[in-house]
Amino acid sequence: MRAQATPGAAAGPADAAAPRGVNQGVPPVTYGQGERPPRGDYGRARSDYTCEQVGAYSATEHDIYRRLFARQLQQLPGLACDEFIAAVHQLGAPDRIPRLDAITERLRPATGWELVAVPGLIPEEAFFALLAARRFPVTDWIRTPQEFDYVVEPDIFHDLFGHVPLLFNPVFADYMQAYGRGGLKASRLDACELLARLYWTTVEFGLIATPAGLRAYGAGLLSSAAELPYSVRSDQPRRLAFDLARMMRSRYRIDSFQAGYFVIDSFDQLFAATAPDFAPLYDQVRATIARSGEIEPGVVLPGEREFRA
Ligand SMILES: [Fe+2]
């Protein structure tokens, strides 16, 4: 899953007069996306954009899920972080699309999170509000057989397989809630684009340095058959140490493999670094961008330390 411009981040309902983050029965407007509106029937969503999970999936849909799951599962060793591998079984039987409520029954006692269905991409404020309440939105439709290798928007396979196992990790679970709270603040500070870069480079495409080598923890990597091995093993992309200001200054691609990744030492580092108020950081990053510009994908500046594959 690469083409979600800013995950969960959209500019708000089409009716500009309506309060942002309140479903008006129409698709949200997304940043940097193509001509067609986001897929999904927004007429069936509640005001907070959550909906009832689709009642019954077809045999074809279950089969797509089963094949995607099997393909990703077999390549996790050596590529995915241990915390992810330890929790992936929490998704339940891999042969059919699970019920979100059944996963929530295991997730809530573990970290206090629950899963909620949504019809597709949702506006950023609605997204942040759900995360801040420890409710993770999961798109409830699955890609078509023709989209087996590549689907433009996140579907239920990406959202479940990519994101949900790490919600069973207490530190990462707290980070996700902190991100939601930070997002609500960023909305008021007009800093959502900067914060979206943090989400992109950690939650979607993050790498972690372990004693055994680099491993992936980002959902966009873990749910992608091709980019997962590329991100960890290829000598093509550049890999830099986690640095909040650097990440917020960096542009990223939404239509191809990432040209660069950022590497954390631990989930504790991620949580600790994002605990302080970001308002001064936003000011600092804006000043740097005004002075020296944004940084293009895959560019390494003089003096920056790189991680090797
Ligand atoms: Fe995602």
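Observations, loosely collected:
- Per the listing 174, 190, the residue uniquely over 16 Å from residue 131 (Cβ atoms) and not hydroxyl-bearing (Ser, Thr, Tyr) is 190.
- Entirely in the stretch 29-136, the helices (runs of 4 or more DSSP H) that have 3 or more residues that are polar (S, T, N, Q) and in contact with a Gly (Cβ under 7 Å, 6 or more places away or on another chain): none
- Flag if residue 289 is hydrophobic (A, V, I, L, M, F, W, C), in contact with a strand residue (DSSP E or B) (Cβ under 8 Å, 6 or more places away or on another chain) and at pLDDT 95 or above: no
- Residue identified as in contact (Cβ under 8 Å) with a residue 40 or more places away in the chain and over 22 Å from residue 55 (Cβ atoms) among 166, 107: 166
- Output for the stretch 276-306, where each listed residue is over 25 Å from residue 182 (Cα atoms), small (Gly, Ala, Ser) and under 25 Å from the mean Cα position of the chain (by Cα): 298
- Cβ-Cβ contacts under 9 Å between residues 6 or more apart (or on different chains), taken from a first residue in the stretch 144-159 that is closer than 16 Å to residue 72 by Cα to a second residue that is of a type in the set (Ser, Thr, Tyr) and assigned to a helix (DSSP H, G or I), are listed as 156/65; 157/65.
- Selection of the stretch 140-184 for residues being within 15 Å of the ligand (Cβ to nearest atom), more than 15 Å from residue 61 (Cβ to Cβ) and among the aliphatic types (A, V, I, L, M) yields 152, 164, 166, 167, 176.
- Taking the stretch 185-233 as the range and being farther than 19 Å from residue 245 by Cα, of a type in the set (A, V, I, L, M, F, W, C) and away from the ligand (no atom under 16 Å from the Cβ) as the test, the residues that pass are 209, 212, 214, 226, 232.
The values are calculated or read from the model by the stated rules, or taken from the named source; none is laboratory data. These numbers were taken from a predicted model, which means no experiment stands behind them. A quick note on method: Cβ atoms are made from the backbone with ideal geometry, for glycine too, and the neighbour counts reach across all protein chains shown.
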